[in-house]
Amino acid sequence: MPTLECNFSGIKCLNPFWLASAPPTNCGEQVMRAFDAGWGGAVWKTIGEPITNVSSRYSSIDWAGQRMMGLNNIELISDRPIATNLREIAEVKRRYPKHVVIASLMVESKREAWHEIVARAEDAGADGLELNFGCPHGMSERGMGSAVGQVPEYAEQITYWVKERARTPVIVKLTPNITDIRMAARAAKRGGADALSAINTINSITGIDLDTLVPNPNVDGLSSHGGYCGPAVKPIALNMVQQINADPASVLPLSGIGGIGSWRDAAEFILLGCGNVQVCTAAMHYGYRIVEDMADGLLEWMRQKGFETIEDFRGLSLPNVREWKHLNLNYKIVARIDAAKCIGCQLCYTACWDGAHQCIHLDRTLPTPDTTRTPAQIQAVSSTRITTTPIPKLDDAGPQTAGTPLDRIPRVDEHECVGCNLCSLVCPVEECITMERIDNMPPQTWEERTASPTATH
Amino acid sequence: MSKPLLFSDHPPTPAETRARFPDLHPALTPQAAIPEANRCLFCFDAPCTTACPTHIDVPRFIHKIASGNVAGSARTILEANILGGSCSRACPVEVLCEGACVLHHSGQQPIEIARLQRFAMDAHQSAGAPLPFTPAPASGHKVALIGAGPASLACAAELRRHGIAATIYDARPRPGGLNTYGIAEYKLPLAESLREIDLIPRLGVEFRFNTTIDAAQLEELERTHDAIFLGIGLGAIHALGIAGEQLPGVTNALDLIAGYKSGAVLTSPPRVAVIGAGNTAIDAAIASIRLGAEEVTMIYRRGPGQISAFAFEYEHAKREGIRFLWHTQPAAILGTERVEALALIRTTDDSSFHLPVDTIILAIGQSTHSHVFADKVSTERGRILIDRATGQTSNPRYFSGGDCTNGGREVVDAVADGKRAALGIAALLTGTRREANHADIRM
């Protein structure tokens, strides 16, 4: 039987699912309910000198009828006194000794201030510390959060101060609002960090209310840039995770963050080397209960793949990410349309003509292939067709049940197809358009090709 | 300026009748419409568009609903079909756009095109927006249109876009023909039909009601107009030709439907027999149930596999509790003062029996007109012969469309016919021809 139990930078975890430092971990009552729901750990909402928040605080991007594909917030760190947070951490640890509580910390950039908060958090019983060098709004204007994370020297210095005092593992949370996240990761490593977490939220303006012309979220007629998160940011997070884990000067145990909402997302972050994952937006959207399927689904996948532990598959995809110059130029695939599965929407056709290489055609019922007819010509013919409502018993027509008519099934010109994938990406039917390998030349990379003296490229 | 002519100012269908005929397909809320619109795949050269006789660009109008451009969505619909609201309610979409939806091929529910179209059209009406086109400068040409049904309305509106003067003549006091008087109230309320037609006079279309065109008037119209469009529909419902047909209590489906929609008929006698099994017969049978009939029996000389009603109409009739007598035909109508019973014969074994009834509704198809127009244009089995692409009849100055040419199809077919005829007339008179669809969208 596979297990989700794991060890992150020396911290024993019941499972790799932690709640990220955010509203879902604002207080002890919440964290205890989250643990009851199945979360293995929680990174407490960042503790520091209490702040005053504005209202409103969140805004989101809906996409194609789905709510909250991306979420943005301008909420600051905890608005509760440090002592209250620490007292509740102590209570949670007393009641849930096997669950992980990480104290997220942010104080002004002074050695004494950091020494004091580290000591107090550890005295309260925190299993580890996460340094919030990533928060992109509000606190950064006060010289904290991403204002630290964006300057490698500051990040290194503060990490160093924290490590002077810390007895528990120190996790540095990195901001993505930087050109190359490895610079910040290397700085944290130089400062002595035990682990990293990435990514924090991304600077964003989610959108503008087209009635009031005020961006969201609206605070008395004004807005401010906020931190973007949710499913929309996952690809950005995965890339940054890969960059860190592929860089020997950066690599440390890494807690993956960014758009994780399902076991699939978690598996992908772990395959790129993360030791565990942190979740926020999905829990804000659907509540703590989502962790049940995250655990169940990941275990089921591990069973199918024969993985016993998280370590068995951690980082397995890292070797598969390489620089472009190492890709095989002679690898050749072409699109194939399964006529039996095609429903005749012709999205592949219009996508190929307008967005790719004009190699999908609607000529299956013509006497000879015709690759010259444009989409406009085809539509012009349809618009002049005379159609009438069928009458039962009088006309044959009616709902089509005999499958897609041949003239609606597109044909790929395999000689012209460049294997770009676009048609298979827009196709709404699973496994209808597949990309088939047709190359017959030995592999050759760009690096190899340009190394040869007679190179052409 | 005088108040514009509003057909919908006429007394509407009585509230009690409306309550008995609530929408068969209720309106979508925005909360429901937007996810449904997002479900549309946005097919290229979409089969739903091709399946629509008026070629409404369905993916385009649905995409606009999804984007929040509901006004643009309504304009897209109206560009193709000026009765887009009526059609969204009355069209048998199961055999048209929704029947052609590609999602059928992957075992999914088709997009609810009709309800989305109604969503856009209702929003257009609520906003009090006009039809999305302005008449072209006057060309000096004049066309008379006989009959104020969907074919003539569509033809007249399209003629105005070409700057051609259009005057519509109708024997009834209100426009719309069967669109107003002949469609079950739970599909298309009379008030909705009139409200939609209210927009057409704003294009400069003239109306002459309570006017039956006789031979002399037709000669006059010929003299004073450049072309004539015949949108005269079909004639009265066929008689059975059996004894007792003149007894009080014998009526026909169209009179019943027009009667309850206009408020002249408020209730139904308890026992009703409907002769016939077409779509109109089913409308009349269901109307009887909704008006309080206790037992409604449909009588058809053949079996359920031979009926001319759409399958979904038959299913609806069964759900309403209509009883069917198959392989049965009327032999005589019995009664002294009024209808008391129907003498029936089973076509399978020629046995006969009596069905006690209080009223008999005939719905065995409409006859064709045989009057002044028959001398002017060629007909075949009573239908006016036209060139399908232009609506032109055998008489070059006469054009036609709708039920009088196709024997009785749908509102949407009449609209398509009328629009094509207008393009044919414009080509004849002005030598210009607009594209029927995918027209310019400048507005």
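Taking only pairs six or more apart or across chains, which ones have beta-carbon atoms under 9 Å, a first residue in segment A:280-292 that is within 10 Å of A:L19 (Cβ to Cβ) and open to solvent by 20 Å² or more (accessible area, probe 1.4 Å), and a second residue that is part of a helix (DSSP H, G or I) and polar (S, T, N, Q)?
Hits for this filter: A:C280/A:T25; A:Y288/A:Q30.
Residue pairs, Cβ under 7 Å, 6 or more apart or interchain, first in segment A:191-210 and touching a residue at least 12 places away in the same chain (Cβ under 8 Å) and closer than 15 Å to A:H225 by Cα, second open to solvent by 30 Å² or more (accessible area, probe 1.4 Å) and among the aliphatic types (A, V, I, L, M). List them.
Hits for this filter: A:I202/A:I236; A:T206/A:I61; A:G207/A:I61.
Within segment B:314-327, can one find any residue that is of a type outside the set (G, A, S), within 14 Å of chain A (Cβ to nearest Cβ) and touching a Pro at 6+ places or on another chain (Cβ under 8 Å)? Reasoning before the result, please.
First, pick out the residues of segment B:314-327 that are of a type outside the set (G, A, S): B:314-316, B:318-320, B:322-327.
Filter once more, keeping what is within 14 Å of chain A (Cβ to nearest Cβ): B:314-315.
Imposing the further condition that a residue be touching a Pro at 6+ places or on another chain (Cβ under 8 Å) reduces the set to B:314.
Within segment B:314-327, one or more residues are of a type outside the set (G, A, S), within 14 Å of chain A (Cβ to nearest Cβ) and touching a Pro at 6+ places or on another chain (Cβ under 8 Å).
For segment A:326-380, which residues satisfy the criterion of being within 11 Å of chain B (Cβ to nearest Cβ) and charged (D, E, K, R)? I'd like the intermediate steps shown before the answer.
So in segment A:326-380, the residues within 11 Å of chain B (Cβ to nearest Cβ) come out as A:340-354, A:360, A:362, A:375-380.
The answer is A:K341, A:D354.
Kindly indicate the residue of segment A:69-81 that is open to solvent by 40 Å² or more (accessible area, probe 1.4 Å) and under 19 Å from A:S21 (Cα atoms) and also nearest to the chain's Cα centre (by Cα) among those meeting that condition.
Of the residues in segment A:69-81, the ones open to solvent by 40 Å² or more (accessible area, probe 1.4 Å) are A:69, A:79-81.
Now narrow it down to the ones that are under 19 Å from A:S21 (Cα atoms): A:79-81.
Numbers: A:D79: 28, A:R80: 30, A:P81: 32 Å.
If we take residues in segment A:69-81 being open to solvent by 40 Å² or more (accessible area, probe 1.4 Å) and under 19 Å from A:S21 (Cα atoms), then A:D79 is nearest to the chain's Cα centre (by Cα).
A:V100 fails exactly one of the following numbered conditions: (1) over 22 Å from the mean Cα position of the chain (by Cα); (2) open to solvent by 10 Å² or more (accessible area, probe 1.4 Å). What is the number of that condition?
(2)
Given the residues B:R383, B:R442, which is the only one that is basic (K, R), under 23 Å from B:I257 (Cβ atoms) and modelled with pLDDT under 95? Lay out the reasoning, then the answer.
Numbers: B:R442 fails: under 23 Å from B:I257 (Cβ atoms).
Only one candidate passes the filter, namely B:R383.
Please state which one of A:S56, A:S60, A:S9 is closer than 25 Å to A:P253 by Cβ, open to solvent by 20 Å² or more (accessible area, probe 1.4 Å), touching a residue at least 60 places away in the same chain (Cβ under 8 Å) and of a type outside the set (V, I, T).
Values: A:S56 fails: closer than 25 Å to A:P253 by Cβ; A:S60 fails: closer than 25 Å to A:P253 by Cβ.
The unique qualifying residue is A:S9.
So how many residues does segment A:340-351 have that are open to solvent by 40 Å² or more (accessible area, probe 1.4 Å) and among the small types (G, A, S)? Please lay out each step first, then the result.
Pass one, segment A:340-351, residues open to solvent by 40 Å² or more (accessible area, probe 1.4 Å): A:340-341.
Now narrow it down to the ones that are among the small types (G, A, S): A:340.
Total meeting the criteria: 1.
Within segment B:152-167, work out how many residues are of a type in the set (V, I, T) and open to solvent by 10 Å² or more (accessible area, probe 1.4 Å). If you could, list the steps in order and put the result at the bottom.
Restricting attention to segment B:152-167, the residues satisfying the condition of being of a type in the set (V, I, T) are B:164, B:167.
Filter once more, keeping what is open to solvent by 10 Å² or more (accessible area, probe 1.4 Å): B:167.
Selection size over segment B:152-167: 1.
When you check A:R95 against the structure, is it open to solvent by 10 Å² or more (accessible area, probe 1.4 Å), more than 25 Å from A:G226 (Cβ to Cβ) and either away from chain B (no Cβ under 14 Å) or at pLDDT 95 or above (or both), yes or no? So that I can check it myself, show each step before the final result.
Values: open to solvent by 10 Å² or more (accessible area, probe 1.4 Å): yes; more than 25 Å from A:G226 (Cβ to Cβ): yes; either away from chain B (no Cβ under 14 Å) or at pLDDT 95 or above (or both): yes.
So A:R95 fits the description; yes.
Give me a count of the residues in segment A:94-125 that are among the basic types (K, R) and touching a residue at least 60 places away in the same chain (Cβ under 8 Å).
Quick first cut of segment A:94-125, residues among the basic types (K, R) only: A:94-95, A:98, A:110-111, A:120.
Still in the list and also touching a residue at least 60 places away in the same chain (Cβ under 8 Å): A:95, A:98.
Counting residues in segment A:94-125 that are among the basic types (K, R) and touching a residue at least 60 places away in the same chain (Cβ under 8 Å) gives 2.
Kindly indicate whether A:P235 is over 27 Å from A:A103 (Cβ atoms), part of a loop (DSSP other than H, G, I, E, B) and out of contact with any helix residue (DSSP H, G or I) (no Cβ under 8 Å at 6 or more places or on another chain).
Details: over 27 Å from A:A103 (Cβ atoms): yes; part of a loop (DSSP other than H, G, I, E, B): no; out of contact with any helix residue (DSSP H, G or I) (no Cβ under 8 Å at 6 or more places or on another chain): yes.
The answer is no for A:P235.
The rows are residues; the columns are (1) assigned to a loop (DSSP other than H, G, I, E, B); (2) more than 22 Å from the chain's Cα centre (by Cα); (3) modelled with pLDDT under 95; (4) aliphatic (A, V, I, L, M).
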{"position": "B:R115", "(1), (2), (3), (4)": "no, no, no, no"}
{"position": "B:D122", "(1), (2), (3), (4)": "no, no, no, no"}
{"position": "B:G140", "(1), (2), (3), (4)": "yes, yes, no, no"}
{"position": "B:A148", "(1), (2), (3), (4)": "yes, no, no, yes"}
{"position": "B:T167", "(1), (2), (3), (4)": "no, no, no, no"}
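Take residues that are over 25 Å from B:V411 (Cα atoms), in contact (Cβ under 8 Å) with a residue 12 or more places away in the chain and away from chain A (no Cβ under 14 Å) and tell me which of the helices (runs of 4 or more DSSP H) falling wholly in segment B:1-78 contain 1 or more. Walk me through how you get there before you give the answer.
Numbers: elements: B:15-20, B:30-39, B:47-51, B:58-67.
Correct list: B:15-20.
Tell me the helices (runs of 4 or more DSSP H) entirely within segment A:303-399 that contain at least 2 residues that are closer than 30 Å to A:K12 by Cα.
Working: elements: A:310-313, A:347-355, A:375-383.
So the answer is A:310-313.
Please find, within segment B:79-111, the residue that is farthest from the other protein chains (Cβ to nearest Cβ) out of those that are in a loop (DSSP other than H, G, I, E, B) and over 30 Å from A:V429 (Cα atoms). Even if it seems obvious, please write down each step before you answer.
Quick first cut of segment B:79-111, residues in a loop (DSSP other than H, G, I, E, B) only: B:81-83, B:91-92, B:96, B:101, B:107-111.
Keeping just the survivors that are over 30 Å from A:V429 (Cα atoms) gives B:81-83.
Working: B:N81: 13, B:I82: 17, B:L83: 14 Å.
Selected residue: B:I82.
For segment A:126-141, indicate whether the set of residues that are touching a residue at least 12 places away in the same chain (Cβ under 8 Å) and part of a helix (DSSP H, G or I) is non-empty.
Initially, segment A:126-141 is screened for residues touching a residue at least 12 places away in the same chain (Cβ under 8 Å), giving A:126-139.
So of that shortlist, the ones also part of a helix (DSSP H, G or I) come out as A:139.
There is at least one residue in segment A:126-141 that is touching a residue at least 12 places away in the same chain (Cβ under 8 Å) and part of a helix (DSSP H, G or I).
Has segment B:373-383 got at least one residue that is of a type in the set (S, T, Y) and under 30 Å from B:A284 (Cα atoms)?
Within segment B:373-383, one or more residues are of a type in the set (S, T, Y) and under 30 Å from B:A284 (Cα atoms).
Taking strands (runs of 3 or more DSSP E) that do not extend beyond segment B:286-381, which have at least 2 residues that are buried (at least 16 other Cβ atoms within 10 Å of the Cβ)? Even if it seems obvious, please write down each step before you answer.
On the way: elements: B:295-299, B:323-325, B:328-334, B:341-346, B:352-356, B:359-362.
Counting at least 2 such residues, we get B:295-299, B:323-325, B:328-334, B:341-346, B:359-362.
Within segment A:142-165, track down each residue that is crowded, with 23+ Cβ neighbours inside 10 Å and either touching a Ser or Thr at 6+ places or on another chain (Cβ under 7 Å) or not in a helix (DSSP H, G or I) (or both).
Step one: list which residues in segment A:142-165 are crowded, with 23+ Cβ neighbours inside 10 Å, which gives A:144-146, A:148-149, A:155, A:158-159.
Once the filter is applied, which keeps residues that are crowded, with 23+ Cβ neighbours inside 10 Å and either touching a Ser or Thr at 6+ places or on another chain (Cβ under 7 Å) or not in a helix (DSSP H, G or I) (or both), segment A:142-165 yields A:M144, A:G145, A:S146, A:V148, A:G149, A:I158.
The values are calculated or read from the model by the stated rules, or taken from the named source; none is laboratory data. All figures in this text were calculated on a predicted structure; none of them were measured in a lab. Counting neighbours? That spans all protein chains shown, and the Cβs are built from the backbone with ideal geometry, glycine included. Protein only, heavy atoms only, side chains kept; ligands, DNA and RNA dropped before computing areas. Shrake-Rupley method; radii C 1.70, N 1.55, O 1.52, S 1.80 Å.
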